[in-house]
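The values are calculated or read from the model by the stated rules, or taken from the named source; none is laboratory data. The structure presented is a predicted model; accordingly, all values stated were derived computationally and were not measured. Reconstructed Cβ throughout: ideal geometry from the backbone, glycine too, with neighbour counts over all protein chains shown. The accessibility values were calculated without ligands, DNA or RNA, using every heavy atom of the protein model including side chains. Shrake-Rupley method; radii C 1.70, N 1.55, O 1.52, S 1.80 Å.
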Amino acid sequence: MIEVLAKLGRGPVFLAGEVLECVITFTNPLSASSTSASSEMLAWASAQIHCQFHASENRVALPPSDGSKHDVQAENETVFVPNRGERGQCILSTPPKILFCDLRLDPGETKSYSYCETLPVDGPPSFRGQSVKYVYKLTIGCQRVNSPIKLLRVPFRVLVLHGLKDYQFPQDEAVAPSNPFLEEEEGLKKDSRLADLATELLMVATSRRSLHLYNISNTRGKVGTFCIFKTVYKIGEDVIGTFSFSEGDIPCLQFSVSLQTEESIQEEFQRRRGQPVSFTVHARHQESCLHTAQSSFSLPIPLSSTPGFTTNIVSLKWRLHFEFVTSGESAGTCLVRGSQSEAVTWTGVQQMEVDTFSWDLPIKVLPTNPILASYVSQFSSTNSITI
């Protein structure tokens, strides 16, 4: 029996273009003092990264794939297929890397191997939608002699930031920022600079603020104004906006704001022509605002959500969806109970004619620092099997 443990070096979330590092440890758990202790042998072990794509058959029409031929594992099969037995299609994979051949482990002995691979920048981000899914996994394959292959999979999340692919790092290391107190390998140094560059680009893109004012009106007149200071955000930020109803001609009784994603399938891959778009609500604010001069809302963008992106099959966009309920008549009455010397009591009407209308405001949502997103990731940095 051999225990195989895989551990990602820096959490389960990465930016496309970063270097993923994983330490794979092989252990023979039996101690030398055990009466049944014996050496264990592995013929080989290999590792590879792949992205698995799965689409809803009710919503997406895809061309047929021949990937099903790898679903069955032959008894003595020696071909390493990392997506064997997985649903969907493998749309992206890195070249496999051999960790070792003919490994012997004595009782109680442990050996570790480091696997490093640059994540492709031309792949889609990790995404679990209503119509499609993009799932990234690191798969380690191991095999004993005359035994079937055992696969250890470590799922992780990939964020894609457009613009990193075309950036050229300075050739002169003297002008590149570095920490003089640390000795870094060349690959890790470039990887660190890539993360710093992404953080800087995101900071520049999301820190620009300018006043955006929108008049809210229906067919009967002006209801109020809406103010927002930016329309580009990172996941993890809060979307903040304010309303002013003091200059409105039509009383607003209630409003709601929803933070939504719009998942649409490209026309050539739609199962039915003109099929509806899928919406997902991530946060919502609702408030009664009769006789309210000003109001505001704050909607958090979950760190676990997927930033906007577009592939040849699906497009994901973010928006604020507003719904307003306005009065169709006088917005209230003042009734006096008792004599004039007693207190005045305000009482709302029991029935009122109302009008409703909605409005959508597109916003742009970008990734964030992958280390920050790792804190709320559903994936674990470690996984293990026994073979």
For Tyr233, which sequence-distant residues (separation of 5 or more, or a different chain) have an amide H within less than 5 Å of its own amide H, given hydrogens modelled in the peptide plane?
-> Lys364, Val365, Leu366
Could you sort Arg84, Arg220, Arg273 by accessible area so the largest value comes first, with the probe set to 1.4 Å?
-> Arg273, Arg220, Arg84
For the stretch 218-313, which whole-number percentage of the solvent-accessible area (1.4 Å probe, protein heavy atoms only) is attributable to carbon and sulfur atoms?
-> 47 percent
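First measure r as the distance between the Cβ atoms of Lys222 and Lys7, then evaluate 1/(1 + (r/R0)^6) with R0 = 41 Å and state the FRET efficiency to the nearest 0.05.
E(calc), rounded to 0.05, equals 0.10.
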Return the distance in nm (one decimal) between the two label points of a simple spin-label model at Ser380 and Arg209, each offset 7 Å from Cα along Cα→Cβ.
-> 4.3 nm
Within a Cβ distance under 11 Å of Tyr115, other residues only, what is the Lys/Arg minus Asp/Glu net charge?
-> 0
Which whole-number value in Å² is the accessible area per residue of the stretch 81-172, probe 1.4 Å?
-> 50 Å²
For Gly241, other-chain or 5+-apart residues with amide H closer than 5 Å (H placed, Pro excluded) are Phe297
